[in-house]
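To start, the structure itself, in structure tokens.
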Amino acid sequence: MKQILSIFFFLCVTSPLFLFAQQKDTGFSTEGWWKPAGPAFSPDIHADRTVTFRLKAPEITRVELKLGEWEVETYPMHKDGEGVWSVTVGPIPPGIYQYTFEVQGIPVIDMTNPVVKAGTSVYGSVLEIRGEKLLFDQLQEVPKGDIHILSYTSSSLKRPRKMYVYVPDSYYTNPDRTFPVLYLRHGGGDRESSWTEDGRAGIILDNLIAARKAEPMLVVMTHGLTDGSWSGGSTVEGMRDLEAELLEDVLPLIEQRYRVRKERNSRAIAGLSMGGGQAYVMGLRNLHLFSSIGQFSAGILSDGAFDHETYLPGVITNPEKVNRQLDLLWISCGTKDPRYKGHRMFVEELGAKGIHYEFHESEAGHEWPFWRRQLHDFVQRLFK
């Protein structure tokens, strides 16, 4: 009798669990979800820094890899029996690279790689190769700042805008401290996030500040286009609107929202390409607000038709005032950039007018590797 009761008790306890454990036909299953990740389909980075690029396109008859941002190298890709095109390249030196696939003459991004270079359009996919020694623009084990995204309305352009703000780690660890600010402008075809995503501004500042090579600072990155065109921010009218936005909307918001210094020797302005021209013009027009100016590869300044009196009436005619107020006027251009010859002529004319400047160059084109290096070198000279 006791044995029968024990069996009965066991069945009462286990039967619901047994019934609950029965597989139900729901039309959905998670089987196979939990397993180790395999190698990336593309780009597949190997231990020896060779990289295999792949594209599945069984119906296509010709695919090439285009690797590079300025000096682009072409590699034919080959199709296997599964319709997968591939090529292995390298070893590739550590760095950050742009690439696309050219599919029967049409450039396309790598759809299996979510990291892309984008601005007013998507330009390509991004490959990062890390070596034993990490580069100045690569993520390192150092205290990291934040990137804030602020929304505001441009009073001059009459539309909503966004800005990206880099805030160093020491802003939080030193709550009684106030900080200088760099206003950093992007190029034509880019957007307010470009200096963060493609320019690695936050990573560069994190690494420099941790190494005590740069002063902790905020970096404010705003949108530099005005009318939907590729370079509207380079016109006289566009710069006037952007200058009003900077002075009436951006500076007041930053100085209200953050613990920043408000004297001119704690503000700098810089930019690349279109944004370099903006920084040069706005900075010189507002020497009561900015003590340092950085200009990287600006097209309008390389054009022999550029006229200071059109953009900067009366400013360059008083070189003593400019030199007295500016701590640093940094001008740079890559030697492979079509703007290089015009830059050399431009700085020679500045020198002839008595304006103090520094000119920096390296063997590069109109490309992010040059601009990241310029930012790295420029910020080390600020707010000393």
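A simple spin-label model places pseudo-atoms 7 Å from Cα toward Cβ; at Arg324 and His360 they are separated by 2.8 nm. Taken one residue at a time, the phi angles of segment 254-270 give Karplus couplings (6.51, -1.76, 1.60, θ = phi - 60°) of 5, 6, 8, 7, 10, 7, 10, 6, 10, 8, 4, 6, 10, 10, 9, 9, 8 Hz. Gly and Pro are set to x.
Near Gln104, within a Cβ-to-Cβ distance under 14 Å, what is the net charge of the other residues, with Lys and Arg +1 and Asp and Glu -1? Residues near Gln104 contribute 0 overall.
Rounded to the nearest Hz, the phi-derived 3J(HN,Hα) couplings of segment 98-104 under the Karplus curve 6.51 cos²θ - 1.76 cosθ + 1.60 (θ = phi - 60°) are 10, 8, 9, 9, 9, 9, 6, where x marks glycine and proline.
Taking the inverse of the mean reciprocal distance over all distinct Cα pairs, the Kirkwood hydrodynamic radius of segment 31-180 comes to 18.9 Å. For segment 106-154, place one equal point scatterer on every Cα, skip the solvent, and apply the Debye formula. What is log10 of I(q)/I(0) at q = 0.18, 0.21, 0.23 Å⁻¹? The computed values of log10 I(q)/I(0) come out as -0.90, -0.98, -1.00. The C-alpha atoms of the chain define a longest principal axis, and helix 201-210 lies at about 80 degrees to it.
Note on Ile92 and Lys336: their simple-model spin labels are 1.5 nm apart, each label 7 Å out from Cα toward Cβ. Within the set of other residues whose C-beta is less than 12 Å from the C-beta of His186, count the net charge using Lys and Arg as +1 and Asp and Glu as -1. With Lys, Arg at +1 and Asp, Glu at -1, the neighbours total -2. Sorting the segments 41-47, 145-151, 280-286, 52-58 by their mean number of nearby beta carbons within 10 angstrom, highest to lowest, gives 280-286, 52-58, 41-47, 145-151. Any chance you could give the angle, 0 to 90 degrees and rounded to 10, that helix 2-21 forms with the longest Cα principal axis of the chain? That helix lies at roughly 40 degrees to the long axis. Segment His288..Asn265, full-extension length gain: 7.4 nm, with 0.36 nm per residue of separation and the alpha-carbon distance subtracted.
Across segment 146-379, C-alpha contacts under 8 Å between residues 6 or more apart give a mean separation that, scaled by the residue count, equals a relative contact order of 18 percent. As a test, work out the antiparallel percent of DSSP beta bridges whose residues both lie in segment 146-379, rounded to the nearest 5. Here the antiparallel bridges make up roughly 35 percent for segment 146-379. Computed over neighbours whose Cβ is under 15 Å from that of Ile254, the net charge equals +2, Lys and Arg +1, Asp and Glu -1. Couplings for segment 234-242, taken from phi via the Karplus curve 6.51 cos²θ - 1.76 cosθ + 1.60 with θ = phi - 60°, read 9, 6, 4, 5, x, 5, 5, 5, 5 Hz in order; Gly and Pro are left as x. Extension gain for the segment Thr317 to Val142, taken as residue separation times 0.36 nm less the Cα-Cα distance, is 58.4 nm to one decimal. Simple spin-label estimate for Ala211 and Val116 gives 3.3 nm between the two label positions (7 Å along the Cα-to-Cβ direction from each Cα). Between the beta carbons of Asp44 and Asp227, assuming R0 = 41 Å, the FRET efficiency works out to 0.45 to the nearest 0.05.
Assuming charge only on the beta carbon of Lys and Arg (+1) and of Asp and Glu (-1), the dipole of the chain about its Cα centre is about 1000 debye to the nearest 20. Scoring 234-240, 78-84, 29-35 by mean Cβ neighbours within 10 Å over their residues and listing the highest first yields 234-240, 78-84, 29-35. The alpha-carbon positions of the chain define a convex hull whose volume is 246 Å³ per residue. Against the empirical 2.2 N^0.38 Å (N residues), segment 205-312 has a Cα radius of gyration ratio of 1.12. Counting only alpha carbon atoms, the long axis of helix 340-352 and the longest principal axis of the chain meet at about 40°. Each peptide in 353-365, 267-279 receives the mean, over its residues, of other Cβ atoms within 10 Å, and ordering these scores from highest gives 267-279, 353-365. Multiplying the residue separation of Trp34 and Ala305 by 0.36 nm and subtracting their alpha-carbon distance yields 91.2 nm.
Would you mind checking segment 79-95 for residues with the amide N under 20 Å from a putative spin-label position 7 Å along Cα→C-beta of Glu59? Within reach of a label on Glu59, which here means backbone N under 20 Å from a point 7 Å along Cα→Cβ, segment 79-95 contributes 79-86.
Note on segment 111-174 and segment 217-261: Cα centroid distance 17 Å, given to the nearest whole angstrom.
No lab work stands behind these numbers, since they all come straight from the coordinates. Computed from a predicted structure; not experimentally measured. In this analysis, Cβ positions are derived from the backbone assuming ideal geometry, glycine residues included, and neighbour counts consider all displayed protein chains.
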